[in-house]
């Protein structure tokens, strides 16, 4: 395993590790935890965010930072819109579409210019962020937002690792992509 892969795996494991809580959970911790768990407990978010990392890895090293960063940036914008009370239309259908589209992009190993790839995942990220904003509830928006940003980064890192390990082979990439697209369709029909 290369040093880059080992570093990505270690970063992913570190980001996925939850806080050790030996005392009662305070509201701020609960808000961060709720935000952190939101993308990890929704199959649609989890699959899309991992697929972003896989696709970025298959696009090559130049895409491995800016493509996931575009998703996170747009996700924060969607979150801010939602928290501010701006209604983002068709959030749930667009999230399901993003899962299917990202799966297809991975399955077909679509080679896109960096700016097109970043714009594509940013559009998906906007809707995912709007959904996160709608789920804030009683949690503090800042802590909740930090939580889902960390979880999203961890899922992107996991996807990058998958993409670098098995996603570069034609068969591995197709299996991951078809699985993601099929899951998106199943979620839409379910």
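Miscellaneous remarks
- Selection within the range 174-190 - touching a helix residue (DSSP H, G or I) at 6+ places or on another chain (Cβ under 6 Å) and either assigned to a loop (DSSP other than H, G, I, E, B) or buried (at least 23 other Cβ atoms within 10 Å of the Cβ) (or both): 176, 177, 180, 184
- Residues considered: 148, 144. Of these, the only one that is touching a residue at least 60 places away in the same chain (Cβ under 8 Å), farther than 18 Å from residue 67 by Cα, part of a helix (DSSP H, G or I) and touching a helix residue (DSSP H, G or I) at 6+ places or on another chain (Cβ under 8 Å) is 144.
- Unique match (being farther than 24 Å from residue 90 by Cα and under 13 Å from the mean Cα position of the chain (by Cα)) among 124, 154, 131, 112: 154
- Residue that is closer than 22 Å to residue 170 by Cβ and crowded, with 21+ Cβ neighbours inside 10 Å, where the choices are 74, 109, 51: 51
- Condition check for residue 129: closer than 13 Å to residue 78 by Cα, touching a residue at least 40 places away in the same chain (Cβ under 8 Å) and buried (at least 21 other Cβ atoms within 10 Å of the Cβ): yes
Each reported figure results from applying straightforward, stated rules to the coordinates on display, with no laboratory input. Since we're looking at a predicted model, the values are computed, not measured. Using ideal geometry, Cβ is built from the backbone for each residue, glycine included, and neighbour counts are taken over all protein chains shown.
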